[in-house]
Amino acid sequence: MTIVLLGYMASGKSSVSKLLGKELKLPVIDLDIYIEEKEERSIREIFELEGEIYFRMKEHQYLKEILEVKNDAIISLGGGTPCYANNMNLIHEYTQHTFYLQTSIPEIINRVKDEKSQRPLISAIADEDLPEFIGKHLFERNTFYQQAAHVVFTDKKNITELVEEIKGTLN
Ligand code: S3P
């Protein structure tokens, strides 16, 4: 079984995938980490040195590689992965177990505000401009995120609760 987790930055994809993988005894592949290992540099460096278009091209290439090779796995996407290169259609050729971890704008702001420097897309946005930026960004991305087979709301839930919710839909 292949399970794909998607959602905006800081929606909990990585933490949820780790616990889900442990409980279902499935390997976990974090696309961001996979890209960093293959490219031998950080996402931040890739954005800085090569630009976003190069990153999106590589993101698509490595996503395809993972889907082709790993049949039984939890795949945690990057926040933007569903929105480029027809990636949601590609994913649905391999699995219907797709989960959108939906987080509210205030909750996202709360979680990202102290770690902006690690996130190339928001590192240059002033704190006071974050609500407008994230609001617009989510609005643009929503069509892609909503293509997931399941939507899981993450506000006020801990990782264990989210994992239970996901497992419940698999039975
Ligand atoms: C991105 C989210 C990041 C990473 C890259 C771009 C985005 O992943 O792929 O910085 O476009 O939202 P996380 O959602 O894991 O932070």
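The values are calculated or read from the model by the stated rules, or taken from the named source; none is laboratory data. Here the structure is a predicted model, which is why all the values come from computation and not from measurement. Here the Cβ positions follow ideal geometry from the backbone for every residue, glycine too, while neighbour counts run over all protein chains shown. Keep in mind that these areas ignore ligands, DNA and RNA; they rest on the heavy atoms of the full protein, side chains included. Shrake-Rupley method; radii C 1.70, N 1.55, O 1.52, S 1.80 Å.
Some points to look at:
- So Gly79, is it open to solvent by less than 20 Å² (accessible area, probe 1.4 Å) and either in contact (Cβ under 8 Å) with a residue 60 or more places away in the chain or within 14 Å of the ligand (Cβ to nearest atom) (or both): yes
- Among the residues listed as Glu59, Glu48, the single one being in a helix (DSSP H, G or I), over 22 Å from Leu170 (Cβ atoms) and more than 15 Å from the chain's Cα centre (by Cα): Glu48
- Restricting the stretch 1-31 to residues that are among the charged types (D, E, K, R) and open to solvent by less than 50 Å² (accessible area, probe 1.4 Å) leaves a set whose member that is nearest to the ligand (Cβ to nearest atom) is Lys13.
- Criterion (away from the ligand (no atom under 14 Å from the Cβ) and at pLDDT below 95) met by exactly one of Lys116, Lys70, Lys157: Lys70
- Qualifying residue in the stretch 73-89 (condition: of a type in the set (A, V, I, L, M) and assigned to a helix (DSSP H, G or I)): yes
- In the stretch 48-67, the residue that is nearest to the ligand (Cβ to nearest atom) out of those that are of a type in the set (A, V, I, L, M, F, W, C) and either touching a Ser or Thr at 6+ places or on another chain (Cβ under 9 Å) or open to solvent by less than 20 Å² (accessible area, probe 1.4 Å) (or both) is Phe55.
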